[in-house]
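The values are calculated or read from the model by the stated rules, or taken from the named source; none is laboratory data. Here the structure is a predicted model, which means the values were calculated and not measured. Backbone-built Cβ (ideal geometry, glycine too); neighbour counts: all protein chains shown. Ligands, DNA and RNA are excluded from the accessible area calculation, which covers all protein heavy atoms including side chains. Shrake-Rupley method; radii C 1.70, N 1.55, O 1.52, S 1.80 Å.
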Amino acid sequence: MTQQKNNTQLVAIITMCFIFAMISFVTNMGAPFGNIWGFTYPFAKAWGNLMNFAAYLFMGIPAGKMLIKYGYKKTALIALIVGIIGLAFQYISSITGDATYMFTYDSIPVALNLLIYLLGAFICGFCVCMLNTVVNPMLNILGGGGNRGNQFIQIGGTMNSLTATLTPLLTGLLVGTVTENTSMGDVAPLLFIGMAVFAISFLIIQRVEIPEPTLGKEQPKYERSPLAFRHCLLGVIAIFFYVGVEIGIPMELNFYITDLGFEGSAAIGGTLAASYWLMMLVGRASSSAISGKVSTSLQMTIVSTVAIILLLIAIFLPESVGITISGHNVPMKAVFIAACGLCTSIMWGGIFNLSVEGLGKYTEAASGIFMTMVVGGGIMPLIQESIAKSAGPIASYWLIIAMLAFILFYSTIGCKNVNKDIKVD
């Protein structure tokens with residue numbers, strides 16, 4: 001009986017890690033696809049990313065309720081179907097053409113294909129929101145919470161970073177240099193891969209057994225909101241900022257290098273963005289190895305501090321100091337920015353782990369609220385891009401530093417549970 005239980009748990013862990021990988025594969029299409037649309041619509045560079053994360057604002061809390069009512073497995077299956085639909089819409093935008101103009105924005109005629117793409121990105125946002133709502137609490141539960149719960153989330157995060165590395169890298173290789181002739185048709189293979197992976201994932205998850213800690217049980221009565229816990233409230237704010245940090249760093253780096261305009265700049269921009277996600281993979285793999293012994297709070301404090309230092313170096317390092325990549329001289333500061341991936345790697349799992357610690361029956365509800373705040377990944381990069389347009393791309397990283405400072409505060413002080421008097425069972 002014990003062996004069977006262990007086997008079931010192992011399958012559940014592998015399945016959750018597989019879902020974690022799918023989340024980043026879709027999410028990280030936003031920035032490199034933004035380079036394609038940005039050539040014709042400079043104002044829309046970050047719009048696809050915004051639409052992807054705006055979906056969290058509408059779906060976060062409903063996704064948490066779905067988790068309680070339908071369980072982890074059915075919620076994941078619904079999410080995968082939604083993901084296929086979203087990717088299909090993005091593909092349709094590649095074959096619609098740009099002759100049908102709908103309206104004018106910033107003196108630029110906006111064609112129907114851009115609107116179809118943005119709708120697809122929005123639908124994909126619903127998908128990844130539901131998947132995130134499933135995978136994070138499940139891995140934390142399978143790990144038993146605490147440091148080991150964080151360890152399981154970091155293991156899943158390692159898979160997440162692997163596919164996050166591949167998306168901008170493959171897009172850069174498919175596109176090469178962004179020109180007036182570049183279109184979504186150039187990245188259609190990536191969309192087909194995404195749809196195929198979602199379909200295969202659906203078949204796999206349909207056949208595996210996943211623990212359902214809430215399904216079939218009477219829904220808990222909530223005397224308070226999860227936000228009544230100070231560490232949960234501050235964690236929600238920290239997640240809002242963190243997702244803005246995670247997405248904003250490689251997005252603006254990709255734009256910065258691509259806009260240098262040399263031959264193959266999009267490919268090198270994609271490579272540097274991919275190296276950021278590769279650093280996240282390394283960081284998460286390292287964290288998963290030590291999280292059972294080293295506290296989440298200590299890890300978060302260290303990486304927040306180091307990330308701030310790396311960005312300060314990047315900001316003040318002269319642009320004339322360069323490094324040669326594929327025969328082109330690229331500002332060295334880009335390397336320091338990409339290295340931040342080592343630091344952001346553990347923040348998602350770390351913040352989630354610290355925020356739900358001791359919440360008991362409020363955990364699923366808190367997960368839904370967390371997913372709503374992931375909208376920060378759309379709002380904060382949009383603000384960062386506005387700063388980049390007015391003050392320069394490197395100056396926009398001051399916003400990232402400010403958000404990292406809050407995460408540092410949360411890691412040291414804000415994460416402490418000061419509301420242990422609230423009943424959670």
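If the condition is being in contact with a helix residue (DSSP H, G or I) (Cβ under 7 Å, 6 or more places away or on another chain), open to solvent by less than 40 Å² (accessible area, probe 1.4 Å) and of a type outside the set (Lys, Arg), then the range 318-336 contributes Ile325, Val330, Ala334.
When you scan the range 387-405, do you find a residue that is out of contact with any His (no Cβ under 8 Å at 6 or more places or on another chain), among the aromatic types (Phe, Trp, Tyr) and modelled with pLDDT of 85 or more, even just one?
Let us first name the residues in the range 387-405 that are out of contact with any His (no Cβ under 8 Å at 6 or more places or on another chain), namely 387-405.
Now drop any that are not among the aromatic types (Phe, Trp, Tyr), which leaves 397-398.
Now drop any that are not modelled with pLDDT of 85 or more, which leaves 397-398.
The answer is yes; a qualifying residue exists.
Restricting the range 166-200 to residues that are at pLDDT below 75 and closer than 30 Å to Ala289 by Cβ leaves a set whose member that is surrounded by the fewest Cβ atoms within 10 Å (Cβ to Cβ) is Leu169.
Residue under question is Ser286, and the condition is that it be surrounded by fewer than 17 Cβ atoms within 10 Å (Cβ to Cβ), polar (S, T, N, Q) and in a helix (DSSP H, G or I); does it hold? If you could, list the steps in order and put the result at the bottom.
Details: surrounded by fewer than 17 Cβ atoms within 10 Å (Cβ to Cβ): yes; polar (S, T, N, Q): yes; in a helix (DSSP H, G or I): yes.
It is true that Ser286 is surrounded by fewer than 17 Cβ atoms within 10 Å (Cβ to Cβ), polar (S, T, N, Q) and in a helix (DSSP H, G or I).
Considering each residue of the range 320-338 in turn, none proves to be under 16 Å from the mean Cα position of the chain (by Cα) and not small (Gly, Ala, Ser).
Restricting attention to the range 289-314, which residues are of a type outside the set (A, V, I, L, M), open to solvent by less than 10 Å² (accessible area, probe 1.4 Å) and outside any loop (DSSP other than H, G, I, E, B)? Give the derivation first.
So in the range 289-314, the residues of a type outside the set (A, V, I, L, M) come out as 291-293, 295-297, 299, 301, 304-305.
Filter once more, keeping what is open to solvent by less than 10 Å² (accessible area, probe 1.4 Å): 291, 296, 304.
Thr296, Ser304, listed by residue number.
Contact map, the range 286-305: first residue over 15 Å from Asn140 (Cα atoms), second residue of a type in the set (Lys, Arg) and surrounded by fewer than 19 Cβ atoms within 10 Å (Cβ to Cβ), Cβ cut-off under 9 Å, separation 6 or more or different chains; pairs are Ser297/Lys416. Of all the criteria given as (1) at pLDDT 85 or above; (2) surrounded by 15 or more Cβ atoms within 10 Å (Cβ to Cβ), the one not satisfied by Gly270 is (1).
For the range 57-95, give me each residue that is within 20 Å of Met184 (Cα to Cα), modelled with pLDDT under 85 and surrounded by 18 or more Cβ atoms within 10 Å (Cβ to Cβ). First the steps, then the outcome.
In the first step, residues of the range 57-95 are kept if they are within 20 Å of Met184 (Cα to Cα); the result is 83-95.
Okay, now just the ones that are also modelled with pLDDT under 85, so 94-95.
Ser94, the sole residue that qualifies.
I need a count of the residues in the range 306-334 that are in contact (Cβ under 8 Å) with a residue 12 or more places away in the chain, among the hydrophobic types (A, V, I, L, M, F, W, C) and closer than 18 Å to Gly392 by Cβ.
So the answer is 10.
Those helices (runs of 4 or more DSSP H) of the range 337-415 in which at least 2 residues are closer than 19 Å to Phe43 by Cα, small (Gly, Ala, Ser) and open to solvent by less than 10 Å² (accessible area, probe 1.4 Å), considering only elements entirely within it, cover 376-391. Of all the numbered requirements in (1) under 18 Å from the mean Cα position of the chain (by Cα); (2) open to solvent by 30 Å² or more (accessible area, probe 1.4 Å); (3) of a type in the set (Phe, Trp, Tyr), Tyr276 misses one, and that requirement is (2). Entry remark, the range 225-266: residues being outside any helix (DSSP H, G or I), over 22 Å from Gly38 (Cβ atoms) and open to solvent by 10 Å² or more (accessible area, probe 1.4 Å) number 1 in total. Kindly indicate whether any position in the range 44-55 is out of contact with any Lys or Arg (no Cβ under 7 Å at 6 or more places or on another chain), outside any helix (DSSP H, G or I) and crowded, with 19+ Cβ neighbours inside 10 Å. Yes, the range 44-55 contains at least one residue that is out of contact with any Lys or Arg (no Cβ under 7 Å at 6 or more places or on another chain), outside any helix (DSSP H, G or I) and crowded, with 19+ Cβ neighbours inside 10 Å.
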